[in-house]
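The structure under discussion appears below in the form of structure tokens.
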Amino acid sequence: MDKLLIEGGAPLHGEVRISGAKNAALPLLAATLLTPGTHILHNVPDLRDTRTMLRVIETLGARWERQGATVRINTDTLSGAEAPYDLVKTMRASVLVLGPLLARAGFARVSLPGGCAIGARPIDYHLKGFERLGVEAHLAQGYVEARVPGRLQGGSMYFDAPSVTGTENLLMAAVCAQGQTLIQNAAREPEVGNLIDMLVNMGAQIEGKDTDTLVIRGVERLSAAETSVIPDRIETGTYMIAVAACGGKVLLRDCVPQHLVALSEKLRICGLVIEEEQDCMQVSCPEVGDRSLCALQSVDITTQPYPGFPTDLQAQFMALMTMGEDTAIIHETIFENRFMHVAELNRMGADITIEGSRAIVRGGGRDSISGAPVMATDLRASASLVIAGLAAQGCTEISRIYHLERGYENMAAKLQELGARIHRISE
């Protein structure tokens, strides 16, 4: 099993290009199943999760080829409507094929999804929403079996809490339903907007992009489309936090600064200098004296649905707060089990205690973290350990980095180009 070895203490300098967003690419790949034709997706990151989704749609009959970051997908023929456990067990987003399969084939059998063990993340919202569209669904032997007698019918639904994959799944089903569908308290994440753009390019009629109320008027047929995956705001934010932890100056290219307003505000309070342009950001950490970093201000955060502070950046920000000058309170409101990185950060010298949905981080200053052998428990926890290792005194060894490769494209190589002393080793 591969590991990362990090010798901490090196500032980051240079520039890095941000890859396409994993959480945008996955629903776009699933949406190609909606209609026959050859779909072209640009800026698709080469990750474990995108490769898994390509295997899922290939199992369903799609044929695809990749040239660099462009993927061409032919969906002229569906050979089945079942997403098997062997594929779905590694990635929760594979449940997104439910909507397209119901819209096109009227039937779907999809294994209950797997992925990071950061909370229950039930698919109740998906199933209840499908029922409003006329779908008959039930669970049997670990699979969701869903069928629609005739054509999907438009309906109204309200989410008790915004669900990104729930919104996306119902969008993909509703675009071909007869009549009008109303989704209230819908997720507003940029990745949902990216999917709406693709569906509109395919001929769908959708109003309310970037709002919490979506109106979908079903159409008789769709056509294949060409779409680009938006830049990954979570990758962008991870590198921003890394610069705050390590010091230096880094230009982040091909990103969308307005997707990270909540994070940028917190990092500016911490002391990071952020200069924004339309598609890039320069981030730098001030120095005082001879190469010494300025003190890091401790800041409280509460994770919230977009445009609030992203839960997918909570672990990385916690790693930063272990180096703060005071105490920070981190309140996780999205996933109930998203503090599994705490034990590993404490192994590196952090002082973090958990009280229910809150983590109390008592910062010990920039020299408080030391290298240690640690183990990644999920995707974003992996990134938090990388950030801690980059800033720590001594050497950090991170095992189970396959989690990291689910969502970060060539992270070690990108960090090496910025001057980090990070190496991948195989056992």
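The values are calculated or read from the model by the stated rules, or taken from the named source; none is laboratory data. As the structure is a computational prediction, the values presented were derived from the model and not from experiment. Cβ atoms come from the backbone with ideal geometry, glycine included; neighbour counts cover every protein chain shown.
Mind telling me which of the residues 127, 112, 139, 102 ends up being within 28 Å of residue 226 (Cβ to Cβ) and either basic (Lys, Arg) or outside the structural domain of residue 339 (by TED's automatic domain parsing) (or both)?
102
Restricting to helices (runs of 4 or more DSSP H) lying wholly in region 131-248: which have 3 or more residues that are on the phi < 0 side of the Ramachandran plot and small (Gly, Ala, Ser)?
164-174, 233-246
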Check whether at least one residue in region 321-337 is surrounded by fewer than 18 Cβ atoms within 10 Å (Cβ to Cβ), touching an Asp or Glu at 6+ places or on another chain (Cβ under 6 Å), modelled with pLDDT under 95 and not aromatic (Phe, Trp, Tyr), and report yes or no.
no
Just to be sure, is residue 343 more than 20 Å from residue 308 (Cβ to Cβ), free of Cβ contacts under 8 Å to residues at least 12 places away in the same chain and either part of a loop (DSSP other than H, G, I, E, B) or not polar (S, T, N, Q) (or both)?
yes
Can you pull out every residue in region 284-335 that is assigned to a strand (DSSP E or B), of a type outside the set (Phe, Trp, Tyr) and under 22 Å from the mean Cα position of the chain (by Cα)?
301, 302, 303, 330, 331
Evaluate the following for residue 313: is it closer than 20 Å to residue 368 by Cα and at pLDDT 95 or above?
no
Show me the strands (runs of 3 or more DSSP E) entirely contained within region 5-120 in which 2 or more residues are in contact with a strand residue (DSSP E or B) (Cβ under 8 Å, 6 or more places away or on another chain) and within 23 Å of residue 152 (Cβ to Cβ).
107-111
Which condition from (1) crowded, with 16+ Cβ neighbours inside 10 Å; (2) out of contact with any Lys or Arg (no Cβ under 9 Å at 6 or more places or on another chain) is the one that residue 355 breaks?
(1)
